[in-house]
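Beneath this line is the structure, given in structure tokens, with notes to follow.
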Amino acid sequence: MGVIAVIGVFVVFYQYHLSTGVRFDQMADFNTGGSAENTPVFSQEDVESYVRTTKLTEEIIKRAVRRVQETNGLSPDIATTLVQELINHVNRNTFEPIGNNSKMTRTQSPTTSRSIELDQQGSTKETLEPLYIITPTYRRPEQIPELTRMSHTLMLVKNIHWLVIEDANVATKQVTRLLERTGLKFDHLTAPMPEKYKQKKGAKPRGVSNRNRGLQWIRANATDGIFYFADDDNTYDITLFDEIRKTKRVSMFPVGLCTKFGLSSPILKNGKFVGFYDGWIAGRKFPVDMAGFAVSVKFLLERPNATMPFKAGYEEDGFLKSLAPFEPRDIEFLAGNCTKVLAWHTQTKKNDPSAPLDMKLYGNTNLIKLKEQIV
């Protein structure tokens, strides 16, 4: 079934391209910046047709791989890799000219650090640096509702890549389906807490495995942009993500509804940093909330040993100290010099697992499908 689905991707793609008015060789010339006498002139309709075709092709590939994943049990990591490989393969074939034995290749300036896209008028524009949102999560009754709420915020943000990382050995299918419906760029990964910490008495270092897995992904896949640890039970003002994009190294900003003080924030007096305000200082060099800072990808890549420690209550402090050389005086203060609360440490009421369904009474009803969505 998997092979049939993948073959179907290419058949549909080929048939669709035959029906468009823009040939592969034309698009190759267009993208390689050929000479004026050899390059065809494209109408607005041609450009829009090409953009629509590309988006449709990617959607067909994603749907086909999803069917294979559901039927054959592919892991999220393998499914994501397969999608990207198929898209890359199609794009490589797309830029081979028809009726010519010589291959045309796309060229890219080695000094270009920002990607280019077409706007509605067909002219080029620079895109924003990517934001990588690292969200640890785990299976519980509130998981899907909270990820749904968060996804609706992230849908409003441009050029964002969501790394959703479950504390589990196997990814939850309901989470994967939710992520696919959002239309966001995402990777659905797993990173279970090591057994020795699960068995430890007292407070546990929750989310550390997930966040370190996110850092591992960034080191392997990103070269620029900013990353931010965003828990799924928080609430985020859309303005926050515009602020985060200003980060050059490490930025900080206030978090509301945090600790007994109701606030966690750097303290600025007459525009100068003088300390931290937090309900739990505990000898920490950086007594801040996980939602209160963002980091440049390039800054992280320059510090290959930076990691989050498995030490409950000291996760943020340990990670920020691992970014050395980095001192409190080096912090970039966002959100109006830390005068605006744009992230809130809200917490959903904890729910008990739902009661089992009485199959004798409800065996042939819609409740079976509904119960699949409820923990």
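The values are calculated or read from the model by the stated rules, or taken from the named source; none is laboratory data. Computed from a predicted model, the values in this text were never measured in an experiment. Don't worry about glycine lacking a Cβ; one is built from the backbone with ideal geometry, like all the others, and counts go over all protein chains shown. To get the accessible areas, we keep the full protein, side chains included, count just its heavy atoms, and leave off ligands, DNA and RNA. Shrake-Rupley method; radii C 1.70, N 1.55, O 1.52, S 1.80 Å.
Between E332 and L361, full extension at 0.36 nm per residue minus the direct alpha carbon distance yields a gain of 4.4 nm. For K248, the solvent-accessible surface with a 1.4 Å probe is about 150 Å², rounded to the nearest 10. Per the 1.4 Å probe, what fraction of the accessible area of the stretch 131-344, in percent, lies on carbon and sulfur atoms? Reported share for carbon and sulfur atoms: 52 percent. Report the calculated FRET efficiency for K269 and T81 (r = Cβ-Cβ distance, R0 = 45 Å), to the nearest 0.05. In this case the efficiency is close to 0.35. What nm distance separates the two modelled labels at T223 and T339, each placed 7 Å from Cα along Cα→Cβ? Label at T223, label at T339, 4.0 nm between them.
Other residues whose C-beta falls under 9 angstrom from the C-beta of L189 contribute a net charge of -2, scoring Lys and Arg +1 and Asp and Glu -1. Annotation for the stretch 283-341 versus the stretch 138-154: alpha-carbon center distance of 25 Å.
Measuring nothing but how far apart in sequence close Cα pairs (under 8 Å, 6+ apart) lie, relative to its length, the stretch 152-236 scores a relative contact order of 29 percent. Structure note, pairs K204/K349; K285/K349; K204/K260; K260/K311: Cα-Cα distances above 24 angstrom occur for K285/K349. Computed over protein heavy atoms with a 1.4 Å probe, the accessible surface of the stretch 131-344 works out to 45 Å² per residue.
One way to sum up the overall shape of the stretch 131-344 is the equivalent ellipsoid from its Cα gyration tensor, whose semi-axes run 26, 20, 17 Å, largest first. A full extension of the chain between L257 and Q373 corresponds to an added length of 38.8 nm, given 0.36 nm per residue minus the alpha carbon distance.
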